[in-house]
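Single-structure report; data block below.
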Amino acid sequence: MTATRRSLREWIFGRKLDPLRPQTRQHIVLVAFLAWIGLGADGLSSSCYGPAEAYLALGEHTHFALYLAIATAITVFVIALAYNQVIELFPSGGGGYKAATQLIGPYAGLVSGSALIVDYVLTIAISVASGMDALFSLVPPEWVGYKLDAALALTTLLLILNLRGMKESIVLLMPIFLGFFLSHVALIAYGIHAHADAIGTLWPETVAETRQLSAETGVLFVIALFLRAFSVGGGTYTGIEAVSNSVNVLAEPRVRTGHWTMFYMAASLAFTAAGIILLYLLWDAAPVEGQTLNAVVFRSVLADLFGAGETTELALIAVLALEAGLLLVAANTGFIGGPAVLAAMASDRWVPRQFRQLSSRLVTQNGLALMGGAALLVLLATQGDVSLLVVLYSINVFITFSLSLFGLCRYWWEQRLYQLRWRRSLALSVLGFAVTAFILAVLLLEKFLQGGWVTLVITGSVMALCLVVHRHYEDVRRLMLLTDRKYELRKSWDYDAPSPPLDPKQPTAVLLVGGSRGAGMHTLQWVMDMFGDRFRNYVLVSVGEVDKESFATERTLKSLQARLENSLTYFTSYCVSRGFAARAYSAYGADPLDELTRLTTRVLAEFPDSVCFASTLVFRRENVFTRFLHNQMPLAMQRRLHLAGHQLIIVPIKLPDPAGDLAPA
């Protein structure tokens, strides 16, 4: 990479971060306040549309809105408290996916993870589209034709911001989030205060009207009406799971930081959503063509505060602009949570391993690219039509809610003999599961024929693709274990025997070894058998890839270092036992190809009479799919070294072939 290209890349994406420096982790993790902004925006933004959907579903029976406000606030805290248990049980992140996988089974985890991936893509698409609708309602009508272009441009901008790092994107968007929250708290507080005289009589009047309706239509009709409105407003609760999915990006102590983040999120969402529903009721909000219900009620509140005139209109424009801005901030949650779920699924081999990889800025760039690219495709396919996107949205998140909370119910029931406080935790989990499962059932019935089936088809397609990837990886893993056993040597040699002195002028074999000890030993023995005494020096070169899993904690990073150093000691001691001089070189980084190139270049400068060797898998049916799923580093290194005038011989791995998927070389 030329100096100009490197400078341009650093200007766009930021300078490279060293994953081994303790200060790096402190630089990128989120304290509770920043996590509330970055992960809570999706939940808080749902107050822009969730309460309105629930209120409008009541029809003329608006007195039920008081019950809705109370039920909404309680439900937010019930789900949040239940998900606090997920944070405690899975402090490394993964949230609903990990909960379903570990507490129910891997296929439940597959369903939950696939649902979350689709949901986060839709979160980005619907948040950007809704934000554009709100912004373009404030500009001249002739500008509306540019709305889709603006949505695509903003999605791309958010993608670039997140490629620079989560904290950077959150800090940049913080003023919008805080402006929305503070302005809405003030409007809700004033709106309730202005009708303080009605508060005292609101409850008895609501109860009286409920009794009258029950007498006229029956209790079952009243219950069904309320439950339908409550469920239709289920979009209010989307986003609550985001904290548990991304615990690994929180500052230590993670569980405590996660609990505080969840509290901030639940308190702000409960107050805002329930307060807006109460405003609808107190101010007799009614739908107006071309305006959201929030715009209608806030116009009334501002007119009461400032009087009818230009000040009210300007204040309303500012409030609606902040709502639009928050929806854009909420889209950022998809760029944080989606890659986190993909990384967790990649660790379990449901999706390609590339989704665990980190960029030079220590973000999961492949996951970000997938989320951003998929959101762009959804926006293009739907032309940014919010009415269509909203049908696709919210079903998947309740699939994850239900599976996670059912898993918690199962866990606490199994722990009843070992945990003293299992009854309280089980009761909370059961209540949360009952609420979310009921909302899921109603959403499926309400939205299935309206287009909700499309969401299920998309999620099912993601699951099918994951099953294909998983089967392939499992077959290869099983065959690699056979290979490891085939080349496993009894450690009859002295591990601590000193190596003969290396002579840099003597012919040297430089072996690029990876994580498989069997593959490395196969390559080493192949070189020794093929070249005999041609090489007197054996240099083992390996790079530890710092991915999402190994960078999770200081402990996992040290574990990566220990495994790599132990593996290199194994190879060098074997070479010494055969009478050869040996030395190992290691490096660590998020971009293993660049690190390996730098390290190998240094080794070749030290040992000029060298030939490099690496190994690779050979497939009977080589195609784009198999090439994408597996590491192509040997071929990339061969190209780089050959361009620099050095030799690299690639040794094929001869795997057993019981399934017929792989063929001996």
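Figures for the structure shown
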item: Pick from region 513-546, criterion open to solvent by less than 10 Å² (accessible area, probe 1.4 Å) and either in a strand (DSSP E or B) or out of contact with any strand residue (DSSP E or B) (no Cβ under 9 Å at 6 or more places or on another chain) (or both), ranking: nearest to LEU20 (Cα to Cα); result: GLY544
item: Qualifying residue in region 254-270 (condition: closer than 30 Å to LEU445 by Cβ and touching a His at 6+ places or on another chain (Cβ under 9 Å)); result: no
item: Selected residue (only one of ALA150, ALA189 is more than 16 Å from ALA41 (Cβ to Cβ), touching a helix residue (DSSP H, G or I) at 6+ places or on another chain (Cβ under 6 Å) and not charged (D, E, K, R)); result: ALA150
item: Matching residues in region 242-277 - criterion: being among the β-branched types (Val, Ile, Thr) and open to solvent by 30 Å² or more (accessible area, probe 1.4 Å); result: VAL255
item: Qualifying residue in region 303-311 (condition: touching a helix residue (DSSP H, G or I) at 6+ places or on another chain (Cβ under 6 Å) and crowded, with 19+ Cβ neighbours inside 10 Å); result: no
item: GLY239 vs. criteria under 20 Å from the mean Cα position of the chain (by Cα) and not in a helix (DSSP H, G or I); result: yes
item: Identity of the residue in region 127-149, among the aliphatic types (A, V, I, L, M) and more than 30 Å from SER360 (Cβ to Cβ), that ends up surrounded by the fewest Cβ atoms within 10 Å (Cβ to Cβ); result: VAL139
item: Number of positions in region 25-63 that are under 15 Å from SER394 (Cβ atoms) and part of a helix (DSSP H, G or I); result: 11
item: Test: residue in region 423-430 that is in a helix (DSSP H, G or I), at pLDDT 85 or above, over 15 Å from VAL78 (Cβ atoms) and open to solvent by 60 Å² or more (accessible area, probe 1.4 Å); result: yes
item: Residue that is most open to solvent (accessible area, probe 1.4 Å) [pool: residues in region 553-562 that are touching a residue at least 40 places away in the same chain (Cβ under 8 Å) and part of a helix (DSSP H, G or I)]; result: GLU554
item: Residue identified as modelled with pLDDT under 85, of a type in the set (Phe, Trp, Tyr) and surrounded by fewer than 21 Cβ atoms within 10 Å (Cβ to Cβ) among TYR418, TYR393; result: TYR418
item: Some residue of region 205-217 being β-branched (Val, Ile, Thr), in contact (Cβ under 8 Å) with a residue 40 or more places away in the chain and out of contact with any Phe, Trp or Tyr (no Cβ under 9 Å at 6 or more places or on another chain); result: no
item: Qualifying position, being open to solvent by 50 Å² or more (accessible area, probe 1.4 Å), at pLDDT below 85 and assigned to a helix (DSSP H, G or I), among PHE448, PHE406; result: PHE448
item: Members of region 614-623 that are within 23 Å of ARG356 (Cβ to Cβ) and at pLDDT 75 or above; result: ALA614, SER615, THR616, LEU617
item: Residue that is assigned to a helix (DSSP H, G or I), out of contact with any Gly (no Cβ under 9 Å at 6 or more places or on another chain) and open to solvent by less than 30 Å² (accessible area, probe 1.4 Å), where the choices are LEU158, LEU122, LEU173, LEU66; result: LEU66
item: Residue, most open to solvent (accessible area, probe 1.4 Å), within region 573-596, restricted to residues that are more than 16 Å from LEU20 (Cβ to Cβ) and in contact with a Ser or Thr (Cβ under 7 Å, 6 or more places away or on another chain); result: ARG583
item: Flag if VAL341 is within 30 Å of LEU17 (Cα to Cα) and either over 24 Å from the mean Cα position of the chain (by Cα) or outside any helix (DSSP H, G or I) (or both); result: no
item: Check on LEU182, closer than 30 Å to GLY373 by Cβ and open to solvent by 20 Å² or more (accessible area, probe 1.4 Å); result: no
item: Residue count, region 95-118 (criterion: touching a Ser or Thr at 6+ places or on another chain (Cβ under 7 Å) and not small (Gly, Ala, Ser)); result: 3
item: When residues of region 431-445 are limited to those that are within 15 Å of ILE74 (Cβ to Cβ) and aliphatic (A, V, I, L, M), the one least open to solvent (accessible area, probe 1.4 Å); result: ILE439
item: Yes/no for ARG477 being without any contact (Cβ under 8 Å) to a residue 24 or more places away in the chain and surrounded by fewer than 18 Cβ atoms within 10 Å (Cβ to Cβ); result: no
item: Check on SER615, polar (S, T, N, Q) and either assigned to a loop (DSSP other than H, G, I, E, B) or within 30 Å of VAL247 (Cα to Cα) (or both); result: no
item: Residue within region 164-172 that is without any contact (Cβ under 8 Å) to a residue 40 or more places away in the chain and of a type in the set (A, V, I, L, M, F, W, C) present; result: yes
item: Tally, over region 271-293, of residues that are out of contact with any Ser or Thr (no Cβ under 7 Å at 6 or more places or on another chain) and assigned to a helix (DSSP H, G or I); result: 7
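The values are calculated or read from the model by the stated rules, or taken from the named source; none is laboratory data. All of these numbers come straight from a predicted model, not from anything done at the bench. Using ideal geometry, Cβ is built from the backbone for each residue, glycine included, and neighbour counts are taken over all protein chains shown. Side chains included, ligands, DNA and RNA excluded: accessible areas come from the protein's heavy atoms. Shrake-Rupley method; radii C 1.70, N 1.55, O 1.52, S 1.80 Å.
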